[in-house]
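Enquirer: Below is the structure I would like to discuss, written out as structure tokens.
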Amino acid sequence: MASTVGVIFSSINEENVPELTKVRSIGSIPYGGRYRMVDFALSNMVNSGITTVGMITKNNYQSLLDHLGSGKNWDLARKEGGLILLPPYINGTETLYRNRLEALKGATSFLKKAKEDFVVLTDSDAAYKLDYSKVIDYHVEKNADITMVYHEHPVRKTHYYMTFDTDKNGRITELEINPSASGVKKNFINVMVARTSFLLRLIQNAIQHGYTSFGRDILSPNLKTLNLYAYKLDSYYANIDSLASYFKANMDLLDKNIRNELFCDRDVYTKINDSAPAKFTATAKVKNSLISDGCLIEGTVENCILFRGVKIGKGATVKNCILMSENIIGENCNLAYVISDKDSVIRDNRVLAGCEMQPYFINKGSLI
């Protein structure tokens, strides 16, 4: 593995899921019963041998800080390098960054101090497994200026989206932002590799010219002059770009093959909480669900993801739901296609239902 530093954007694309990012950054969105979305980006870096990681924060990052701590759970609590939290301000000002390029401008001091030859840039809004060392090797083999990782799936209409076409050698020949066409495309997953010195030159040039968009002002106008190459992620990938996609990404984990693909072979690290095992009473009925530690199940649970400390009352039926930590579901409730944020209470005899494409969402700390 060539010497590489990592940069993770913990708050980019939060406008895609406003329901989940009202009280947290997108990187700290709970996922799969015990994880946070940022765990995948961090674990991919650690498993690829990257031991210096800069985390760019922005709004509502208290839960992210609580989750990350010193970085010990990812073996990033180090005297040299390790996990470094970067401020959300543009250099020399108290102005919060508004986009990816301004966030990078604020990270120039961190990058200038880095001794590593290469930098991996990634968002924290997707669940996937990728060995970044292979992307670095590909980047060196192609003598690329920038290598962009893509996944082939149908185009989604989100706030900011990028697709591209390549020639037979993998060089990017066409790049489109927010494409109007539909169908399966090569979709940029916001994972990018470059030499640290090259990226710093790009950022400095952007500052001098007043550029505001990495894609529109730097990549798109310079396709012919920059050596932009594409690297394919040929495995499971789930991007959280809407409430429906969050619901589907969690429900995918009920498929054993997808669970094995995400969590076997290479570990996905997360914050460790010591909790008592889940308890199932004589009245409990559970089918095809992920039940976390500390849960108390007295009712019926089917096709659900239950985070730590969830309580399901007697006579309650919960199907196709995602219930985050410390939810309390009263007796004789009936829930279907519900996403309930942390610390919510649903009183006895309530009936709540959504659908797969539009789940019923309950805000954190709600009483219904």
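Enquirer: Quick check: is even one residue across the stretch 142-149 over 29 Å from residue 264 (Cβ atoms), touching a residue at least 60 places away in the same chain (Cβ under 8 Å) and acidic (Asp, Glu)?
Expert: yes
Enquirer: Continuing with the same structure: Which members of the stretch 186-219 meet the condition of being closer than 23 Å to residue 169 by Cβ and at pLDDT below 90?
Expert: Across the stretch 186-219, the qualifying residue is only 215.
Enquirer: Still on this structure, I have one more. Which of the residues belonging to the stretch 155-172 are in contact with a Ser or Thr (Cβ under 7 Å, 6 or more places away or on another chain) and either free of Cβ contacts under 8 Å to residues at least 12 places away in the same chain or open to solvent by 70 Å² or more (accessible area, probe 1.4 Å) (or both)?
Expert: 165, 167
Enquirer: Still on this structure, I have one more. Looking only at the stretch 174-184, which residues are touching a Phe, Trp or Tyr at 6+ places or on another chain (Cβ under 8 Å) and either part of a strand (DSSP E or B) or surrounded by 21 or more Cβ atoms within 10 Å (Cβ to Cβ) (or both)?
Expert: Of everything in the stretch 174-184, those that are touching a Phe, Trp or Tyr at 6+ places or on another chain (Cβ under 8 Å) and either part of a strand (DSSP E or B) or surrounded by 21 or more Cβ atoms within 10 Å (Cβ to Cβ) (or both) turn out to be 174, 175, 176, 177.
Enquirer: What residue, among those in the stretch 185-207 that are of a type in the set (S, T, N, Q) and within 14 Å of residue 108 (Cα to Cα), is surrounded by the most Cβ atoms within 10 Å (Cβ to Cβ)? Let's see the steps before the verdict.
Expert: Of the residues in the stretch 185-207, the ones of a type in the set (S, T, N, Q) are 187, 190, 196-197, 204-205.
Within this subset, residues satisfying the condition of being within 14 Å of residue 108 (Cα to Cα) are 196-197, 204-205.
On the way: 196: 19, 197: 14, 204: 12, 205: 12.
The extreme case among them is 196.
Enquirer: Kindly provide the set of residues from the stretch 43-85 that are in contact (Cβ under 8 Å) with a residue 60 or more places away in the chain and assigned to a strand (DSSP E or B), ordered by number.
Expert: Matches in the stretch 43-85: 52 only.
Enquirer: Quick check on my filter: what residues within the stretch 347-368 are among the β-branched types (Val, Ile, Thr) and not in a loop (DSSP other than H, G, I, E, B)? So that I can check it myself, show each step before the final result.
Expert: Of all residues in the stretch 347-368, those among the β-branched types (Val, Ile, Thr) come to 351, 362, 368.
Matches in the stretch 347-368: 351, 362.
Enquirer: I'm told residue 283 meets every condition in (1) under 25 Å from residue 358 (Cβ atoms); (2) part of a loop (DSSP other than H, G, I, E, B) except one. Can you identify the failing condition by its number?
Expert: (1)
Enquirer: Keeping to the stretch 12-51, report how many residues are open to solvent by 10 Å² or more (accessible area, probe 1.4 Å), within 22 Å of residue 156 (Cβ to Cβ) and among the polar types (S, T, N, Q).
Expert: 3
Enquirer: Condition first: hydroxyl-bearing (Ser, Thr, Tyr) and open to solvent by 70 Å² or more (accessible area, probe 1.4 Å). Now tell me which residues in the stretch 270-308 satisfy that. Please lay out each step first, then the result.
Expert: If we filter the stretch 270-308 for residues that are hydroxyl-bearing (Ser, Thr, Tyr), which is where we start, we get 270, 275, 281, 283, 289, 292, 300.
Within the stretch 270-308, 283 is the sole residue that qualifies.
Enquirer: Do you know which of the residues in the stretch 309-347 that are in contact (Cβ under 8 Å) with a residue 40 or more places away in the chain and of a type outside the set (Val, Ile, Thr) is most open to solvent (accessible area, probe 1.4 Å)?
Expert: Restricting to residues being in contact (Cβ under 8 Å) with a residue 40 or more places away in the chain and of a type outside the set (Val, Ile, Thr), the top hit is 337.
Enquirer: Continuing with the same structure: State the number of residues belonging to the stretch 1-11 that are surrounded by fewer than 22 Cβ atoms within 10 Å (Cβ to Cβ) and among the aliphatic types (A, V, I, L, M). Walk me through how you get there before you give the answer.
Expert: Step one: of the stretch 1-11, the residues surrounded by fewer than 22 Cβ atoms within 10 Å (Cβ to Cβ) are 1-3.
Checking which are among the aliphatic types (A, V, I, L, M) leaves us with 1-2.
Qualifying residue count, the stretch 1-11: 2.
Enquirer: Can you work out which of the residues in the stretch 208-229 that are within 30 Å of residue 30 (Cα to Cα) and either in a loop (DSSP other than H, G, I, E, B) or of a type outside the set (Phe, Trp, Tyr) (or both) is most open to solvent (accessible area, probe 1.4 Å)?
Expert: Taking the candidates together, the pick is 213.
Enquirer: Among the listed residues 116, 102, which satisfies the condition of being over 30 Å from residue 234 (Cα atoms), more than 19 Å from the chain's Cα centre (by Cα) and in contact (Cβ under 8 Å) with a residue 60 or more places away in the chain?
Expert: It is 102.
Enquirer: If I ask for residues that are in contact (Cβ under 8 Å) with a residue 12 or more places away in the chain, over 17 Å from residue 221 (Cα atoms) and of a type outside the set (A, V, I, L, M), which ones from the stretch 173-187 would you list? So that I can check it myself, show each step before the final result.
Expert: In the first step, residues of the stretch 173-187 are kept if they are in contact (Cβ under 8 Å) with a residue 12 or more places away in the chain; the result is 173-179, 181-187.
After this cut, where a residue has to be over 17 Å from residue 221 (Cα atoms) as well, the list is 181-187.
Correct list: 182, 183, 185, 186, 187.
The values are calculated or read from the model by the stated rules, or taken from the named source; none is laboratory data. Predicted model, so just to flag it, every value in this text is computed and none were measured. Positions of Cβ are generated from backbone atoms using ideal geometry, with glycine treated the same way; all protein chains shown enter the neighbour counts. Protein only, heavy atoms only, side chains kept; ligands, DNA and RNA dropped before computing areas. Shrake-Rupley method; radii C 1.70, N 1.55, O 1.52, S 1.80 Å.
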